[in-house]
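Structure, as structure tokens:
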Amino acid sequence: MINYRQLTEKEIATLTVYGCSADDWKKVMVVENFSTDFVCNVHFSGKVFIGTFQKVFELAGGVKKHAGIYNCLLHNCTIENNVFIDKINNYIANYTIGEGSYIENVNIMVVDTLSTFGNGVKVPVLNERGGREVPIFDYLSAPLAYILTLYRHRTDVIQNIQNLIYSYAAEQQSDKGVVGKNVQIVNCGSIKNVRIGDYARLEGASLLENGTIISNVAAPVFVGSGVKCTDFILSSGVSVTDSTIISRCFIGQGCEMGKHYSALDSLFFSNCQGLHGEATAIFAGPYTVTHHKSTLLIAGMFSFFNAGSGSNQSNHMYKLGPIHQGIAERGVKTTSDSYLLWPAKIGAFTLVMGRHYKHSDTSDLPFSYLIENANESFLVPGVNLRSVGTIRDAQKWPKRDNRKDNKKLDQINFNLLNPYTIQKMMKGVEVLQDLQSTSGISKDIYTYKNCNIKNSSLKNGIELYNIAIYKFLGNSLINRLKETQFTSIEQVREQLNTDNNKGLGEWIDLSGLIAPKNEIEFLLKEIESKPISLDDIQSKFEIMHKEYYQYEWTWARQKLEEYWGKNINQVSYDDLVKMVELWKKSVVKLDQLIYNDAKKEFDLNSKIGFGVDGNEEQKQLDFENVRGNFDLNPFVLEVLNHIKIKTELGDELIKRLELTHKS
């Protein structure tokens, strides 16, 4: 508890000489060792509490400024120790300024009403005309927002979660704002009803109104020049710069928004990047990235998404207005000038090329190419499994995690192959085989949900899906037995067994969190039936993420039992060895396909434009100096090493299994 006292007559006289004034000097309270030396040209109104001035701020270029209060009007403010305030054009009203903060050349900082600082603002995400509004709050996570957005049929769930959020917002309500410790606010315009966390940097922001900046020492927030934010929450580690405009948005941890980006009525979760383009009513799950001026994302749900230049979607048909919505499942990419007519649902890790005017649903055929050909949509199932770009993306996402906060809100599963994507591939095999059986194996082109599939593409898709399925099942089997001890087949069976059935059934992707649908259902019933807190719900998501590999094995074990046609307690040495051999074959086959795809990056077509004024030898040298040598490329070497390591891993397990067979 800080002890404040009234100013002495001598201190009042000194401050008056220094150009200071007050509506009532008795309402200006200071700490015991307050010094008048660093207060000049200040008018005080209402109750003002002031700390000490002992710190010297060292600015860029070596300029030094002593803590103090200069050239401003303060109304109902608390100024903690070692704060610098200067050149406030209008005034600062109803704020607590944290220790060590630096504020200079700001037009106005005010809390002018009871404010929840952005908490409880309803964001009409996914559907511009409403119906899926998500009330945002300081610690909104992608899985929770996913439920709030898409589970509207569970009315009790939605109502109870919304009530929890509104209760939290009510707890945040105050007529006084807070600027945290060691905050820098320089050359800014209007800051109204904004709560600012520790170590935030605001440099040249134009307008900030009704929001919260959740900044801390581990993950500071930066807001740059010309930025306008209204009805917003900026999570830890966020950067918003370059005259970006944000209205009714939640910006998640580690996101970057800049280059005049415009975002309205949208949710952005961990590590999204929005540069140059525009977003309206989108649910941007983790790693949604758009870098181009002409790109519009509208009324869609995305995650691990990469938007090409000029990518666009339309959510109306000039009839009842913008009522349609679309879903691009995790890992979708769009090429330059691509177009999707909503409603549509694009399967995971699909590459979209061209313009598509029919309402496609490719969700059961992931890892595909969706290509425009003569105004028709053609689907090439599974082909993206062999793409070097897909593998590169999967490897880079964990490395590009910008979240520095100790508390990570979004539980993100980076695994490319998991029960969610594998179940879709299994369904994909069924779909393609059904097309064959109903339309005939010799048909040139098959039709599936407003897409055309060529005969050769269908056959290749079945093969590629099976390769990936066997790779995943073998991975799970080998990981279960890796670094374990066994001397008999009975011990192997015991290790392959599980204590419970958590993980069986369908899996879903809650915008980054991959989990069994049954576990989500248990959580929803808990939300419906008994008291639960927002922290409890977050903890449940964290537990699901932590238990992923246990759930995964339970699911994979059942699929292996279906493959073998027997219970795990009946599995034999031969069954296990055959699966490991099939796994090795699948791993090598897929890696070879990826290797061949990588090789295309070094063919003659790729060398066009190199060695522009030279002969073929100079072209090759120029290419190698820029792009490197194929045989020495780090990714290529990694693929070759992966084949070697996985082969040795499979051989090692077979050798250990042989001991059980001999015994």
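Structural remarks
- Residue check, VAL125 within 30 Å of ILE323 (Cα to Cα) and modelled with pLDDT of 95 or more: yes
- Counting the residues of the range 82-119 that are within 19 Å of LYS176 (Cβ to Cβ), of a type outside the set (Val, Ile, Thr) and crowded, with 19+ Cβ neighbours inside 10 Å gives 10.
Here's the yes/no breakdown for (1) outside the structural domain of LYS566 (by TED's automatic domain parsing); (2) at positive phi; (3) crowded, with 18+ Cβ neighbours inside 10 Å; (4) in contact with a helix residue (DSSP H, G or I) (Cβ under 7 Å, 6 or more places away or on another chain):
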site	(1), (2), (3), (4)
LEU473	no, no, yes, yes
ILE478	no, no, yes, yes
THR484	no, no, no, yes
THR487	no, no, no, yes
ASN500	no, no, no, no
GLY505	no, yes, no, yes
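- THR52 vs. criteria crowded, with 16+ Cβ neighbours inside 10 Å, modelled with pLDDT of 95 or more and over 45 Å from the mean Cα position of the chain (by Cα): no
- Any hit, the range 211-233, residues being modelled with pLDDT of 95 or more and over 24 Å from the mean Cα position of the chain (by Cα): yes
- Selection count, the range 184-204, where residues are under 26 Å from the mean Cα position of the chain (by Cα) and either farther than 23 Å from ALA67 by Cβ or touching a residue at least 40 places away in the same chain (Cβ under 8 Å) (or both): 3
- Output for the range 183-225, where each listed residue is in contact with a Pro (Cβ under 9 Å, 6 or more places away or on another chain) and of a type outside the set (A, V, I, L, M): GLY197, ASP198, TYR199, ARG201
- The set of residues in the range 11-37 being assigned to a helix (DSSP H, G or I) and either more than 14 Å from GLY68 (Cα to Cα) or in contact (Cβ under 8 Å) with a residue 60 or more places away in the chain (or both) consists of GLU11, ILE12, ALA13, THR14, THR16, VAL17, TRP25, LYS26, LYS27.
- Each residue in the range 278-321 was checked for being free of Cβ contacts under 8 Å to residues at least 60 places away in the same chain and under 20 Å from ASP393 (Cβ atoms), and 14 of them qualify.
- Those residues of the range 393-414 which are under 18 Å from GLY382 (Cβ atoms) and touching a strand residue (DSSP E or B) at 6+ places or on another chain (Cβ under 9 Å), in sequence order: ASP393
- Only a single criterion out of (1) at pLDDT 95 or above; (2) in contact with a Lys or Arg (Cβ under 8 Å, 6 or more places away or on another chain); (3) surrounded by fewer than 19 Cβ atoms within 10 Å (Cβ to Cβ) is not satisfied by LYS454, namely (2).
- Scanning the range 192-211 finds one or more residues that are among the aliphatic types (A, V, I, L, M), more than 28 Å from ARG132 (Cβ to Cβ) and part of a strand (DSSP E or B).
- Test: residue in the range 333-341 that is surrounded by 19 or more Cβ atoms within 10 Å (Cβ to Cβ), touching a residue at least 60 places away in the same chain (Cβ under 8 Å) and either among the small types (Gly, Ala, Ser) or assigned to a loop (DSSP other than H, G, I, E, B) (or both): no
- Considering the range 131-182, and only residues there that are hydroxyl-bearing (Ser, Thr, Tyr) and part of a loop (DSSP other than H, G, I, E, B), the residue that is surrounded by the most Cβ atoms within 10 Å (Cβ to Cβ) turns out to be SER141.
- PHE522 being in contact with a strand residue (DSSP E or B) (Cβ under 8 Å, 6 or more places away or on another chain) and either buried (at least 21 other Cβ atoms within 10 Å of the Cβ) or not in a loop (DSSP other than H, G, I, E, B) (or both): no
- Helices (runs of 4 or more DSSP H) contained entirely in the range 525-604, each with at least 2 residues that are touching a strand residue (DSSP E or B) at 6+ places or on another chain (Cβ under 8 Å): 534-546, 548-564
- Only residues that are surrounded by fewer than 24 Cβ atoms within 10 Å (Cβ to Cβ), assigned to a strand (DSSP E or B) and more than 10 Å from the chain's Cα centre (by Cα) were counted across the range 267-297, and they come to 4.
- Checked against (1) at pLDDT 95 or above; (2) of a type in the set (Phe, Trp, Tyr); (3) over 25 Å from ILE508 (Cα atoms), TYR573 meets all criteria but (1).
- Hits in the range 376-392 - residues which are at pLDDT below 90 and surrounded by fewer than 19 Cβ atoms within 10 Å (Cβ to Cβ): GLY389, ARG392
- Identity of the residue in the range 298-317, in a strand (DSSP E or B) and either among the hydroxyl-bearing types (Ser, Thr, Tyr) or out of contact with any helix residue (DSSP H, G or I) (no Cβ under 9 Å at 6 or more places or on another chain) (or both), that ends up surrounded by the fewest Cβ atoms within 10 Å (Cβ to Cβ): SER314
- Whichever residue in the range 380-406 is of a type in the set (D, E, K, R) and touching a residue at least 40 places away in the same chain (Cβ under 8 Å) and, among such residues, is farthest from VAL238 (Cα to Cα): ARG386
- Strands (runs of 3 or more DSSP E) wholly inside the range 55-130 that include at least 1 residues being under 20 Å from LEU202 (Cα atoms) and among the hydrophobic types (A, V, I, L, M, F, W, C): 56-58, 68-75, 84-93, 95-97, 102-110
The values are calculated or read from the model by the stated rules, or taken from the named source; none is laboratory data. What you see is a predicted model; the values in this text were computed from it and never measured. Don't worry about glycine lacking a Cβ; one is built from the backbone with ideal geometry, like all the others, and counts go over all protein chains shown.
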